[in-house]
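A.B. asks: Input: one structure, supplied below.
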Amino acid sequence: MKIVTVVAPVNIAVIKYWGKRDEELILPINDSISGTLSTDFMCAKTTILASPSIKENVFWLNGELQSFDNKRLQNCLKEVRRRANPELPILKWNITICSKNNFPTAAGLASSAAGYACLVAALADLYEIKGDITSIARVGSGSACRSLYGGWVQWSKGVDPKGEDSIAHQIAPVSHWPEMRVIILVVNDERKKYSSTVGMKKSVETSELLRYRAQTIVPKRVEAIKEAILNKDFEMFSEITMRDSDQFHAICLDTFPPCVYMNDISHAIADTVHHYNEKKSSRKVAYTFDAGPNACLYILESEVEEFLSVINYVFPSSNKSDYVRGIKTNINPIEEELKLSFASKQLKADTLKFIIHTKIGDGPKILRDEKHHLLNNEGLPKKSMM
Ligand code: DP6
């Protein structure tokens, strides 16, 4: 019997992946860059048990039994087994997978990246795979390949039709820019949107802007934001991040019929960020939005307290004790001049569900100690883990 548990992080792209050139192999039409978030507050956790006595393959996700007949899961497993030493006895055994996210999936926060990174890191450990595994996570979910490294990560689109060179690598470790913080504003919005997978397929089929972005804009932006990250140049970093998010959503609107992911609240957040930066006469905060209404803000540690106090003023909450989660911060009354300039922007209470204050963090971690496993030795989810 073999068992392993892994925790893996979420990542938030600053140069977005949007569009595939190969749907089956998940090969993108452009490079993308992201920051990996600390697993302290948001992560996926997966335990895999392999044993000759397991009768059939089983997959538990957030306490519910899932079908094992999931194409993306099967593709990851197939690739791991193909790369394993054919002599390994484990290749003949069935497995039980048990995964969970430590953040509310209902919040609409991307969980597939952390989930597939976690699955593939665990499989790679079990099947003793050496070398790059980002191309295996990629066939689970494109953005998952970036969650296999900590700090700042680039996913190169590659040119090989088989995708051998479509892999992720680290640009800079978390220690390079330890002051970087991330604030996630979870928007109260129940509407169902197209998934990223469906949305980007429609964009590839119908948006002419998409090709222009992938061929002409992204290559320059990738170089410029890498330089900004390596020089810790927040002014440059924040401008590129916001422009890339804006352009990605412009492409979503250029898709026919349009994919509308940002809502009025998302736009109010973007407006608050621009207004704050204007008031400060320099860019202190950068927003980026994925395929949903929630905002992800990059900001330096020194600015967090004041900016979160502004957010608390513009987007008040009736939930005083649990509104801002994650890294502790003081929320203060904002000074009179700022208050006056934001007064007309103030929205009604509970426009936002809650806020997560986190930071850039490391890649996946393997946990060997028995107490971390989500499964008992019979391959059943532990009660405490459900
Ligand atoms: C907007 O990686 O979820 O978050 O490869 O089809 O699984 P699939 O899509 P996914 O798309 C992520 C899109 C994005 C931008 C990004 O993370 O780069």
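A.B. asks: Looking at the stretch 1-54, which of its residues are within 10 Å of the ligand (Cβ to nearest atom) and farther than 30 Å from residue 229 by Cα?
C.D. replies: 23
A.B. asks: Tell me, which residue of the stretch 21-39 that is outside any strand (DSSP E or B) and over 14 Å from the mean Cα position of the chain (by Cα) is nearest to residue 170 (Cα to Cα)? It would help to see each step written out before you state the result.
C.D. replies: Restricting attention to the stretch 21-39, the residues satisfying the condition of being outside any strand (DSSP E or B) are 23-26, 29-31, 38-39.
Those left that are additionally over 14 Å from the mean Cα position of the chain (by Cα): 23-26, 29-31.
On the way: 23: 25, 24: 25, 25: 22, 26: 20, 29: 20, 30: 17, 31: 13 Å.
Selected residue: 31.
A.B. asks: Consider only pairs whose beta carbons are under 7 Å apart and that are at least six residues apart or on different chains; among these, list those whose first residue lies in the stretch 135-158 and is touching a residue at least 24 places away in the same chain (Cβ under 8 Å) and of a type in the set (A, V, I, L, M) and whose second residue is near the ligand (Cβ under 10 Å from one of its atoms) and part of a loop (DSSP other than H, G, I, E, B).
C.D. replies: 139/26
A.B. asks: The conditions are (1) modelled with pLDDT of 95 or more; (2) touching a Ser or Thr at 6+ places or on another chain (Cβ under 9 Å), and residue 293 fails exactly one of them. Which is it?
C.D. replies: (1)
A.B. asks: Further question on the same structure: From the list 171, 95, 183, 167, which one is within 30 Å of residue 331 (Cα to Cα) and away from the ligand (no atom under 13 Å from the Cβ)? Please lay out each step first, then the result.
C.D. replies: On the way: 171 fails: within 30 Å of residue 331 (Cα to Cα); 95 fails: within 30 Å of residue 331 (Cα to Cα); 167 fails: within 30 Å of residue 331 (Cα to Cα).
Result: 183 is the single residue among 171, 95, 183, 167 that is within 30 Å of residue 331 (Cα to Cα) and away from the ligand (no atom under 13 Å from the Cβ).
A.B. asks: Could we say that residue 297 is over 26 Å from residue 23 (Cα atoms), crowded, with 22+ Cβ neighbours inside 10 Å and under 22 Å from the mean Cα position of the chain (by Cα) here?
C.D. replies: Here the answer is yes, as residue 297 does meet what is asked.
A.B. asks: Let me ask another. Just checking, does the stretch 250-257 include any residue being buried (at least 22 other Cβ atoms within 10 Å of the Cβ), among the aliphatic types (A, V, I, L, M) and within 13 Å of the ligand (Cβ to nearest atom)?
C.D. replies: Residues of the stretch 250-257 that are buried (at least 22 other Cβ atoms within 10 Å of the Cβ), as a first pass: 251-252, 255.
From what is left, the residues that are among the aliphatic types (A, V, I, L, M) are 251.
Subset that is within 13 Å of the ligand (Cβ to nearest atom): 251.
Yes; the residues of the stretch 250-257 include at least one that is buried (at least 22 other Cβ atoms within 10 Å of the Cβ), among the aliphatic types (A, V, I, L, M) and within 13 Å of the ligand (Cβ to nearest atom).
A.B. asks: Has the stretch 98-108 got any residue that is away from the ligand (no atom under 16 Å from the Cβ), more than 24 Å from the chain's Cα centre (by Cα) and under 29 Å from residue 361 (Cα atoms)?
C.D. replies: No, there is no match, as no residue in the stretch 98-108 is away from the ligand (no atom under 16 Å from the Cβ), more than 24 Å from the chain's Cα centre (by Cα) and under 29 Å from residue 361 (Cα atoms).
A.B. asks: Let me ask another. Among (1) farther than 26 Å from residue 235 by Cα; (2) in contact (Cβ under 8 Å) with a residue 24 or more places away in the chain; (3) more than 13 Å from the chain's Cα centre (by Cα), where does residue 185 come up short?
C.D. replies: Exception for residue 185: condition (1).
A.B. asks: What are the pairs, 6+ residues apart or on separate chains, where a residue within the stretch 306-317 that is in a helix (DSSP H, G or I) and modelled with pLDDT of 95 or more has its Cβ under 9 Å from a residue that is of a type in the set (S, T, N, Q) and crowded, with 21+ Cβ neighbours inside 10 Å?
C.D. replies: Pairs found: 310/272; 311/272; 314/272.
A.B. asks: Would you point out the residue of the stretch 176-232, among those that are of a type in the set (Ser, Thr, Tyr) and assigned to a helix (DSSP H, G or I), that is surrounded by the most Cβ atoms within 10 Å (Cβ to Cβ)? Steps first, please.
C.D. replies: Residues of the stretch 176-232 that are of a type in the set (Ser, Thr, Tyr), as a first pass: 194-197, 203, 206-207, 212, 216.
Pick out the ones that are also assigned to a helix (DSSP H, G or I) and you get 196-197, 203, 206, 212, 216.
On the way: 196: 22, 197: 15, 203: 24, 206: 14, 212: 14, 216: 10.
So the residue we want is 203.
A.B. asks: Take the stretch 22-38 and flag every residue that is closer than 13 Å to residue 360 by Cα and surrounded by fewer than 24 Cβ atoms within 10 Å (Cβ to Cβ).
C.D. replies: Let us first name the residues in the stretch 22-38 that are closer than 13 Å to residue 360 by Cα, namely 34-38.
Listed by number, the list holds a single entry, 38.
A.B. asks: Oh, and also: Taking the stretch 328-371 on its own, how many of its residues are in a helix (DSSP H, G or I) and touching a residue at least 24 places away in the same chain (Cβ under 8 Å)?
C.D. replies: Kept after step one, since they are in a helix (DSSP H, G or I), are these residues of the stretch 328-371: 336-345, 370-371.
This time we only want the ones that are touching a residue at least 24 places away in the same chain (Cβ under 8 Å), so: 338-339, 341-342, 345.
Number satisfying all stated conditions: 5.
A.B. asks: May I ask you to list the residues in the stretch 246-260 that are farther than 14 Å from residue 196 by Cα and of a type in the set (Ser, Thr, Tyr)?
C.D. replies: If the condition is that a residue be farther than 14 Å from residue 196 by Cα and of a type in the set (Ser, Thr, Tyr), then no residue fits.
A.B. asks: Here's a follow-up. Pairs under 6 Å by beta carbon, first residue under 15 Å from residue 308 (Cα atoms) and of a type outside the set (A, V, I, L, M, F, W, C) in the stretch 267-294, partner at pLDDT 95 or above and part of a loop (DSSP other than H, G, I, E, B), six or more apart or different chains?
C.D. replies: 277/283; 277/284
The values are calculated or read from the model by the stated rules, or taken from the named source; none is laboratory data. Given the structure is predicted, the values throughout are model-derived calculations rather than measurements. Heads up, the Cβs are rebuilt from the backbone with ideal geometry, glycines too, and the neighbour counts pull from every protein chain shown.
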